[in-house]
1. Using the alpha-carbon centroid of each, what span in Å lies between segment 1-25 and segment 27-67?
2. Per 0.36 nm of contour for each residue apart, how much would the distance between E50 and H35 grow if the chain were fully extended, relative to their Cα-Cα spacing?
3. Percent of Cα-Cα pairs per 10 Å bin, from 0 to the last occupied bin, for the chain, please list those.
4. Can you tell me which of 36-47, 10-21 comes out highest on packing, and rank the rest after it, using the mean Cβ neighbours within 10 Å?
Amino acid sequence: MDAIEFVVNYENYLNEIEQVVKPEYAPVIERLRAHDPHDLVRPESWFHAERDARGFVWTIFLREIKK
C-alpha cells in the first residue's frame, strides 16, 4: 500500500477504531480526524499490507490517549 492509498483509507481506519473503543475516546478520534493524513506519511512511504497501515493509525491513536 502506498501513501496515496493510506490517505484515501485514513478516514475508514478512524471509523473502525471509533466502532471498537469506548465513547469517551470520541474527542481523540475527532482530533485525529482534524489531522491531514498527508502530513502523517511521506509520498514515498510504503506499507507492506493494509494491516500495517491500520496498525500505524492505531499507534497514533494510542499516543494521543497517553497525552
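1. 8
2. Answer, rounded to one decimal: 3.4 nm.
3. 21, 57, 21, 1
4. Per-residue Cβ counts within 10 Å, averaged per peptide and sorted highest first, yield 10-21, 36-47.
Every number in this text was worked out from the coordinates using simple rules, so none of it is lab data. This one's a predicted model, so the numbers in the text were calculated from it and none came from an experiment. Using ideal geometry, Cβ is built from the backbone for each residue, glycine included, and neighbour counts are taken over all protein chains shown.
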